[in-house]
Amino acid sequence: MIICRTPYRVSFLGGGTDYPIWFNKYGGQVLSTTIDKYVYISCRYLPPFFDHSLKLVYRNQDYVKKIENIRHSSAKAVLNYMNLKNNLEIHHYSDLPARSGIGSSSAFTVSLLNCLYKYKNKKISKKQLSEKSIYIEQKILGETVGSQDQVSTSYGGLNKIKFFKRNSFQVNKVNISKNQLKEFSENLLLFHTGIFRIANNVSKTYVSKFEKHFYYYEELFNLVNVGIKLLRSNDFDEFGKTLHKAWTLKKSISNRISNNKIDDIYQNAISSGAIGGKLLGAGGGGFILFYVPKKFQKKVVKRLEKLIHVPFNFETSGSKIIFSSKNKIFLNEEKTWKRKFINEE
């Protein structure tokens, strides 16, 4: 049995510039962190005593003899990529719901890849894990998704991630003290809007129109450096205002990014003391993040009491194998089991 734990990510600034169609021409960068809410993937060798040769348990359950019958597209792609097509049982658990803007799809892909590399007793670096996850989602699955989620969830921590031509990237840890990080995180509130959406469906409506919105993306790119400077100087309230500016810019790109319900949630938070905030991910629903000074947080939580409030802390480990059985490979044990059955008969 092997268990991999992979964190969700919260993106602060620069989202949109991490799409290959943009950064392969102009370069991209984002400021994001991972939080202490996780995707868990477990896998084990499936003994050859069942009618099925592959078992996958997620929100559905797939018991299949052939890999092409698996309904989970990402799991199917990863298994094909790893050339693991039988005698495998996989379980997926999560702390937060999918289709919510926190990088859940990429966290799943990263976690399953990491788990299966361990299962095959092969080493994989965080950089390789990021690159392979990006390849699977963008090339094999053909999804219109960015590249920050795979990198952020693989590496973990508060990072500036820079994207360059030829799909390369660089991860730079944002070096601020633990006290600064704690103070900053204590001013953040996370809520679920109650709206579920598929990021790929939202992003497709505006990704192809990057040139038309060049000014907005250029500003989003520049705000990353502004945000990091504010964090390092402890000017957290001004960082909250920068979040507000970034959200205003992003909303201008497409009418699918926000809607009346989200606008009402945002305005209610601002009128109750939030300085700024943003919808996480591609837009359209999911989680919404606010920067709220401590003295106004109870008021904001009360005002948004119909929404689920999710307390969180930052985390730094990224995708990690948290359990690996030291038992012998099942194939070696199978002979013993068969001899035992024969003797009992």
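Only the coordinates and a few stated rules stand behind these numbers; no lab work does. Bear in mind the structure is a predicted one, so any value in this text is a computation, not a measurement. Cβ placement follows ideal geometry from the backbone for every residue including glycine, while neighbour counts extend to all protein chains displayed.
Descriptive notes on the structure:
- The R59 and K241 beta-carbon pair, evaluated with R₀ = 25 Å, returns a calculated FRET efficiency of approximately 0.05.
- GNM result for the chain, Cα springs below 10 Å: residue of G283, G142, G318 fluctuating most strongly: G142
- The range 116-158: GluC sites (Glu not before Pro) falling in loop per DSSP and having at most 16 other Cβ within 10 Å: none
- Sparse-neighbour loop sites [trypsin sites (Lys or Arg not before Pro); the range 1-72; at most 13 other C-beta within 10 Å; DSSP]: R59, K65, K66, R71
- Residue among T153, T34, T316 with the largest mean-square fluctuation in a Gaussian network model of the chain, springs linking Cα atoms under 10 Å: T316
- Largest GNM mean-square fluctuation among L46, L188, L243, using the chain with Cα springs under 10 Å: L46.
- Positive-end extreme of charge dipole, the chain - chosen from I102, G156, T248 (charges on Cβ): G156
- When the chymotrypsin sites (Phe, Trp or Tyr not before Pro) in the range 3-69 are filtered for DSSP coil states and for at most 16 other beta-carbon atoms within 10 Å of their beta-carbon, the remaining sites are F49, F50.
- From the alpha carbon centroid of the range 80-140 to that of the range 223-251 is 32 Å.
- A simple charge model with +1 on the Cβ of Lys and Arg, -1 on the Cβ of Asp and Glu and nothing else charged puts the dipole of the chain at about 460 debye relative to its Cα centre.
- Cβ screening of the chain for cysteine pairs under 4.7 Å finds these without a partner: C43.
- What the Cα convex hull of the chain gives, in volume per residue, is 144 Å³.
- Dipole axis of the chain (+1 Lys, Arg; -1 Asp, Glu on Cβ), positive-most option in G318, I2, V39: I2
- The chain: angle of helix 294-303 to the longest principal axis, Cα-based, in degrees nearest 10: 70 degrees
- Rounded FRET efficiency, nearest 0.05, which uses the C-beta distance separating I140 from H91 and R0 of 25 Å: 0.65
- Residues S11, S252 in ascending order of nearby Cβ atoms (within 10 Å, fewest first): S252, S11.
- When DSSP beta bridges are restricted to pairs lying wholly in the range 2-323, around 90% turn out antiparallel.
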